[in-house]
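Below is one structure, written out as structure tokens; comments come after it.
The values are calculated or read from the model by the stated rules, or taken from the named source; none is laboratory data. What you see is a predicted model, and the numbers here were worked out from it, not measured in a lab. Cβ sites come from the backbone with ideal geometry, for glycine too, and all protein chains shown count toward neighbours. We work out accessible area using only protein heavy atoms, side chains counted, and drop any ligands, DNA or RNA first. Shrake-Rupley method; radii C 1.70, N 1.55, O 1.52, S 1.80 Å.
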Amino acid sequence: MSAPRAFLGTLLHTPRRGELEMLHALVVAAADGTIEAVHEAGTPAAAREAQRFTAAGQLVSLTPGQFLLPGLVDLHIHAPQWPQLGKALDLPLEEWLQIHTFPLESRYADTDYARAVYESLVDALLANGTTTATYFATVHLPATRALAEICHRRGQRAFVGRVAMDEASQCPDYYRDPSAAVAESETRAFIDYVRALPGNESKRVQPVITPRFIPSCTDELLRRLGALAQQTGCHVQTHCSESDWEHGYVLQRCGKSDAAALDAFGLLSRHTLLAHGNFVSEADLDVIRARGAGIAHCPLSNVYFSDAVFPLRKVLQHGVNVGLGTDIAGGASPSILDNARHAVIASRMLESGVDPDETRAQRRRPDSRIDAATAFWLATAGGAQTLDIPVGVFRPGFQLDALLIEANVPGGNLRIDAVDSAADILQKIIYHASRANIRAVWVANRLVHPLA
């Protein structure tokens, strides 16, 4: 646990979708990370608290060109695929999995190899400002435990899942659960392990029930995991209507859509996270909203594997919870800021259309675009809302997860001028900020990057 700390300077957040606030304020965070107060800069209360925290050596005072942002939330990461980032993206999903991904993931039977990869991944994500990460691991229980331990030690807020996959027709002999019973048993063991992890009383690291996706799981396994989710109250993560192949496979096998099938197996709830959702129907959106589940929008990954653009604005207008995911390694960047800008770009392409042989009227899908403020909300408060956790905004009662962005650094593309408005500054951050601009990161008021 850290000491109480205060932050004085310019803050940017979006407490509501599409509504940007820029505050010149002093934020007070308790030792457990809870934000206790937000005082407007220049007020007697701010001056008094600044003096107190300065005397204690616990005031972070931002300089001109520095901005405090809520920590970034990544809703979809395949942790073992980190070594695969940027490779073989010319293949369709079903071939990419069989030729490249499953052979790589099978290597995590070697826990030493797993630890080395996961240390590198968590370090990179923290350096990119990802304070909350939702991870698929592998079928290997010791390696998945190692990932949870690393997240806990490094201070990252994490949701970690031991992957369950037992369908022999879709999973290779060398990489699958031997039975639905074994998959359920090891998932239960992992849940118990994380919940008993010493020092994790605040539940900063949480277990996630993780059926890979319907094609890789038998009906028996899906039923068992649905019952386990109801028994334990754990989060659930899986893929949903990601590509034409996966969407069509589920329709043929189950006679219903991904969302409807997952609901029938007891896997849809307020704590369910569905990756992609590119082909969800109006009926699917109704059931996802009714259950309180959410969608991890992965705009960069969708370019390579989905053959379609996720109708983000439509889904948001439907009242469904949505945040952003990198989908490492289907997405070729570990940065949620990259994916925020790609979310804007994808929405603009959906609205304007892409086929020049059609007329403008024929190729357009009106009212599909989002703006930078909405993308920023998805990357912060929207992701937090989807996970049902108190982060993403600078308000009393929320946790202090934050990153310090610095503009005008040597070698960087982020240039901020004195005449820039709050909207200008946010757009420049979304479109130009990179890892080089992220100078420090805190999770629950603990400095996690750079390393102390």
Query raised in the report: How large is Rg/Rh for region 1-41, to two decimals, with Cα atoms and a Kirkwood Rh?
Result: 1.04
Requested in this report: Sort Thr272, Thr359, Thr43 from largest to smallest accessible area, using a 1.4 Å probe on the heavy atoms of the protein chains.
Outcome: Thr359, Thr43, Thr272
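Taking each pair of different alpha-carbon atoms in region 257-371 once, compute 1/r for the pair, average those values, and report the inverse of that mean as the Kirkwood hydrodynamic radius in Å to one decimal. Kindly include the intermediate steps, with their values, before the conclusion.
Working: mean 1/r = 0.0680 Å⁻¹.
For region 257-371, the Kirkwood estimate is 14.7 Å.
Measuring with a 1.4 Å probe in the full set of protein chains, what accessible area per residue, in whole Å², belongs to region 380-434?
Values: 2150 Å² over 55 residues.
I get 39 Å² per residue for region 380-434.
Relative contact order, percent, of region 292-440 when contacts are C-alpha pairs under 8 Å separated by at least 6 residues? Walk me through the intermediate numbers first.
Numbers: 223 pairs, mean separation 30.6, N = 149.
Result for region 292-440 is 21 percent.
On the protein heavy atoms, probe 1.4 angstrom, tell me the percent of accessible surface of the chain carried by carbon and sulfur.
Numbers: 8460 of 16830 Å².
Roughly 50 percent of what the probe reaches on the chain is carbon or sulfur.
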Query - Net charge of neighbours whose Cβ lies under 13 Å from the Cβ of Arg291, counting Lys and Arg as +1 and Asp and Glu as -1 - result: -2
Query raised in the report: If contacts are Cα pairs under 8 angstrom and at least 6 residues apart, what is the relative contact order of region 308-381 in percent?
Result: 36 percent
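In percent, what relative contact order does the chain have, based on Cα pairs under 8 Å that are 6 or more apart in sequence? The partial results should precede the final answer.
Details: 1019 pairs, mean separation 91.4, N = 452.
It comes to 20 percent, rounded to a whole number.
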Query raised in the report: For Met349, what accessible area in Å² do you get when you roll a 1.4 Å probe over the heavy atoms of the protein chains, rounding to the nearest 10?
Result: 100 Å²
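What does the charge count around Glu49 come to, taking other residues whose C-beta lies under 14 Å from its C-beta (Lys +1, Arg +1, Asp -1, Glu -1)? Provide the component values of the computation, followed by the final result.
Values: positive: Arg5, Arg48, Arg52; negative: Glu36, Glu40.
Result for the neighbourhood of Glu49: +1.
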Query raised in the report: Can you give the three extents of the C-alpha atoms in region 309-380 along their principal axes, from longest to shortest, in whole Å?
Result: 36, 28, 18
Query raised in the report: In terms of Cα to Cα distance under 19 Å, which aspartates and glutamates are near enough to Lys256, apart from those fewer than 8 places away along the same chain?
Result: Glu167, Asp219, Glu220, Glu242, Asp244, Glu246, Glu282, Asp284, Asp286
Report summary line: Summed over the other residues with a beta carbon less than 12 angstrom from that of Arg253, with K and R at +1 and D and E at -1, the charge totals -3
Query raised in the report: For the chain, what's the radius of gyration and Dmax over Cα atoms, in angstrom?
Result: 21.6, 68
Query raised in the report: Can you give me the Cα centroid spacing of region 183-230 and region 102-159 in angstrom?
Result: 16 Å
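Tell me the Kirkwood hydrodynamic radius of region 91-230 in angstroms, computed as one over the mean inverse distance between distinct C-alpha pairs. Don't skip to the answer; put the middle values down first.
Details: mean 1/r = 0.0647 Å⁻¹.
This gives a value of 15.5 Å.
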Query - Solvent-accessible area per residue, Å², over region 272-363 with all protein chains present [probe radius 1.4 Å] - result: 35 Å²
Query raised in the report: What residues qualify as long-range amide H neighbours of Cys240, i.e. H under 5 Å apart, gap of 5 or more or another chain, H built at 1.01 Å from N?
Result: Ala275, Gly277
Query raised in the report: Which percent of Cα-Cα pairs in region 177-279 sits in each 10 Å bin, short to long?
Result: 15, 46, 29, 8, 1
